[in-house]
Amino acid sequence: MQYRELGKTGIRVSEIGLGCEGFLEKDDAFTQNVFSLAFDKGVNIMDLYSPDPDMHARIGRAISPRRRQFVYQAHLCTVWQNGQYKATRDMREIVPSFEKMLKNLGTDYIDVGMIHYVDSSATWKRIAEGEILQYAQKLKEEGKIRHIGMSSHNPLVALEAVKSGQIEVLMFSVNPCYDLLPGDEDVDKLFDEASYSKPLFNLDPVREELYETCQRMGVGITVMKAFGGGDLLTENSPAGRAMTVPQCIHYALTRPAAASVMVGAHSRGQLAEALRYEEATEKERDYASVFATFPKISWKGHCMYCGHCAPCPKGIGVADVTKFLNLARAQGGVPETVREHYAALQAKAGDCIACGACEKRCPFGVKIIENMRAAKATFGA
């Protein structure tokens, strides 16, 4: 298992994490069986969006022997009522629900306290200026949560929250189909066939800015919906062609700031399938080749950080250079952290000899030589 830094939190998380939906309405035997595989393969993070008390108790028992080595990403603003999950902004519900979660999990702290499901600017404003964020900050001061996060499907709202400096971790829906769509307060549009009925071209610029801003500000991204609820794995995919599990995971993990993909395993076999990503070959992970064949979508001229341009005869990591260039462009200047990362590269844009080998290999027709010249001008090397 490979591990990544979760932004600036100081936490290292496994590339593959666990979602909790597969553990709903299960028993201890199922929970222990799935966790035995997760532990064996090095999984060390789980998202808990659901406040189901029975599920919390079973997961708490499974994780208890390894609690200090395991990362809970658990959500504020959810409550369990009449056997169902409900999102809430009512402090009279939020506070007791959080305390009950700690008790049922058998722990005295949560590693990342997620402010749940913030998809509108009005909701974020209410949270940021009101009791909810104050409560999260109080919990952090008390050590009951170690870091403050937020979950969202809307890049406009997520970007607003990230730029505020108030959150340290963002849980966001990342996959190649959602990334084409503009931000919207209606999450259902991500799943609506009508959203993909017309030809789509390149990443939504706000989503791209969001990922690059998270990278620049040190906000770690944990990924949800990497498989689009399973739709991307079928021939009925919004893209018009099925992707594989390794391709979907690799796409998500090559976005700037992405640290871990939460997989919703409903069986030990489904978790094993996702974990095979760690042993997958470059060819098996390669999403660029299938992207180039999508009948409904085009990424022409846009760098996807896929690495098809390699190898460079001068040893330039073209994808890395392009990523740093895009970070600088998004900022309108060169942040010191980006400058330091660029300086650490063994070969830089200025080493480019304009041979064009990379452009011949790029499946998206990116003008790489122009980007290398721009990076040299931007970074001075």
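Within straight-line reach of residue 144, meaning a Cα separation under 12 Å, sit the following aspartates and glutamates at least 8 residues removed in sequence or on another chain: 99, 108, 111. Note on residue 138 and residue 272: with the Förster distance fixed at 45 Å, the Cβ-Cβ geometry gives a FRET efficiency of about 0.65. Amide H contacts under 5 Å for residue 173: 152, 224, restricted to partners 5 or more places along the chain or on a different chain, H placed in the peptide plane at 1.01 Å from N.
Shown is the FRET efficiency for residue 377 and residue 235, computed with R0 = 45 Å from the Cβ-Cβ distance and rounded to the nearest 0.05: 0.50. Ranked by how many other Cβ atoms sit within 10 Å of their own Cβ, fewest first, the residues 172, 227 fall in the order 227, 172.
A cut-off of 5 Å between modelled amide H atoms, ignoring neighbours fewer than 5 places along the same chain, links residue 48 with 73, 74, 75. Computed over segment 33-110, the Cα gyration tensor eigenvalues convert (square root of 5λ each) into semi-axes of 24, 12, 10 Å, ordered from largest to smallest. Computed over the chain, the P(r) tail beyond 35 angstrom holds 25 percent of alpha carbon pairs.
Each of residue 361 and residue 120 was given a label point 7 Å from its Cα along the Cα-to-Cβ line. The distance between the two points is 4.9 nm.
When peptides 36-44, 85-93 are sorted by average Cβ neighbour count within 10 Å, with the highest value leading, the order is 36-44, 85-93. Among the listed pairs 41/300; 100/125; 8/103; 225/348, which have their C-alpha atoms separated by more than 31 angstrom in this model? Long pairs (Cα-Cα over 31 Å): 41/300; 225/348.
Ordering 276-289, 11-24, 136-149 by mean Cβ neighbour count within 10 Å, with the highest value first, yields 11-24, 136-149, 276-289. Using a Cα-Cα cut-off of under 19 Å, which lysines could be cross-linked to residue 283, ignoring same-chain neighbours fewer than 8 residues away? Those lysines meeting the cut-off are 360.
By a straight-distance test (C-alpha under 13 Å), which aspartates and glutamates pair with residue 376 as possible cross-link partners, with residues fewer than eight away in the same chain excluded? Candidates past the 8-residue exclusion: 351. The HN-Hα couplings worked out from phi for segment 343-348 by the Karplus form 6.51 cos²θ - 1.76 cosθ + 1.60 (θ = phi - 60°) are 4, 6, 5, 5, 10, 10 Hz, whole numbers, x standing for Gly and Pro.
Distant-in-sequence amide contacts of residue 115, defined by a placed amide H-H separation under 5 Å and a gap of 5 or more residues or a different chain, comprise 76, 149, 150, 151.
Descending by average beta-carbon neighbour count within 10 Å, the peptides 1-7, 26-32, 56-62 line up as 56-62, 1-7, 26-32, the highest first.
The numbers here are math on the coordinates, done by the rules we state, and not lab data. Quick caveat, the model's predicted, so the values are computed rather than measured. As a convention, Cβ positions derive from the backbone with ideal geometry for all residues, glycine included, and neighbour counts pool all protein chains shown.
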